[in-house]
1. What three numbers, in Å, describe the spread of the alpha carbons of segment 299-339 along their principal axes, ordered from the longest?
2. For the peptides 259-271, 235-247, 289-301, what is the packing order when you average, over each peptide's residues, the other Cβ atoms within 10 Å and list the highest mean first?
3. Need the C-alpha centroid separation for segment 90-117 versus segment 132-191, integer Å.
4. So, by mean Cβ neighbours within 10 angstrom, what's the order for 90-99, 191-200 with the highest one leading?
5. Which whole number in µm²/s is D for segment 152-269 by Stokes-Einstein, with the Kirkwood Rh taken over Cα pairs at 25 °C and 0.890 mPa s?
6. Work out the P(r) tail for segment 125-203: percent of alpha carbon pairs separated by more than 16 Å, whole number.
Amino acid sequence: MKKFYRKLGGYLSTAAIALAWLAAGSAWAGQQGQPPANPSSPKQVPGSSPGSPPAPTADSSKTKSAPQSPGPYEVEKKISPQAAEELFRSVDEILKFASQDTSLPIHEEVKRRLVNRDEVVAFIRKHMDEDEDAQRLRRSELVLKKFGLLPRNFDLQTFLIALLREQVAGYYDPKAKTVNLLDWIEPEQQKPVLAHELTHALQDQSFGLEKYMKAGDADLGASQKEPTLDDIANDEASTAHQAVVEGQAMVVLIDYELQPTHQSVIDSPQIVEALKAGMLVGTADSVEFHNAPLYIKEALTFPYRYGLDFEAELLTRMGKEKAYAGVFKNPPRTTREIMEPTAYLSGEKLPPMRMPDFKNDFKSYDKFDVGAVGEFDAAILIDQYAGDEVSKRLYPHWRGGYYYAARPKGDAAAPLAVMYVSRWSNPEKASEFAFVYAKGLTKRYQRVHDVADEGKNVKPANYTLETLTGQHTWLTEDGPVFIEVKGDTVLVSESLDQNRAGDISR
């Protein structure tokens, strides 16, 4: 996804991948309101945490749960040849349903292929091992760690492969124009996810998924030129597009499940909310997903959860044509437009942000990475530093942001230096965010010392004001952290030398 670094979710968008918690979510949704439309679809997600579905009963062996990964010494059960034939036959029927539900026409038959789990892992690894992708993922990992969104000792690539091996429940490959069916999941459990994946096939036939998903996908970190305002403005486009693609497919999945009850997403908001909650919980055996850091959980589920809300809002207010074909022709460009559909529908235009002279301001540094920090990123940062309640209150006031990461020339071992600029709806909200960011420093660094400005008293780094104004500096084991609030804008620099931070501030 196009967050601090967008490639985290990019492997899912390369081939529209459905994850196991889609089945978990639809199972949970069925328990919270109407029963699932397909009687044979998953009915329970075992679990006992507060707010989760009921734990299995003595009769639960008769129900079907979401797909599970085998243990290290278990032999994975395969579906029978007869079940595989049934699954292949269902493709055409479900494709017709998806076409009727979206009004996207069927231009050609969708090819289908049965794959095993190792083939799925090989597909994912192939994309991760490509030179460009591997370099982007590594830069992503270091920037996320710098902002405290991943633990310092976390191996992102290894974790993602294990996570996706556990979670993948089906995928459509736009290069091969093929829907890939899984040989370890029974047909009735795959059909709702198949409705999701075949929506991607229809999107691809009408608009070309690869081209649509590559919008704004320039690697600003690898580019020789310095970023411009337009580059930053376009940096979230592919994340917003991915949310459209997955949001539409989520609507079709739910409508398919609700088909026998003659209900749909539009008139079943409680089902939508239950399904989104189920996604974040996952299945009881989703060990990798449960152990994932907050950022990864949120980033992987963002296009499905927020995309679903976005599409449901468009369907309710604008109708089917605008919600499907229309949003491909006039797509959103930012995570703000996805998270707050009114911003998209009203044609909101945020004023451009001031950009420093990167070439001169960072002349003693080598560029490492650069990109937009969107509303979603800001929401997760605030959640990580101050909790979900503060995040929900503050993130809607985001009005723009970007980061620039660099290293001192000739010193590859030096801590990664970052400049982060964000703009807010008013000076008060900017000051609140500055306080939250400052509060998070003690969670990210082992040693944090607040440096008093001349004529001011020294305060400990964990002081509990609700706002932060003016200029403040802290010393850490990775160098100085400088935060300045100027009106509605917050400037942060980390591990930059003091003079450089001051020059950028001016």
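None of the figures in this text is laboratory data; all of them are computed from the coordinates on show. Just so we're clear, the structure is a prediction, and the values are computed from it rather than from any experiment. For neighbour counting, all protein chains shown are included, and Cβ atoms are generated from backbone atoms with ideal geometry for every residue, glycine included.
1. Taking max minus min along each principal axis of the Cα atoms, segment 299-339 gives 28, 18, 14 Å.
2. On the way: 259-271: 15.5, 235-247: 26.9, 289-301: 19.6.
Listed from highest to lowest mean packing, they are 235-247, 289-301, 259-271.
3. 24 Å
4. Details: 90-99: 17.9, 191-200: 27.6.
Answer by packing, highest mean first, reads 191-200, 90-99.
5. Working: Rh = 17.0 Å.
Result for D is 145 µm²/s.
6. On the way: 1962 of 3081 pairs.
Tail of the P(r) past 16 Å holds 64 percent of the pairs.
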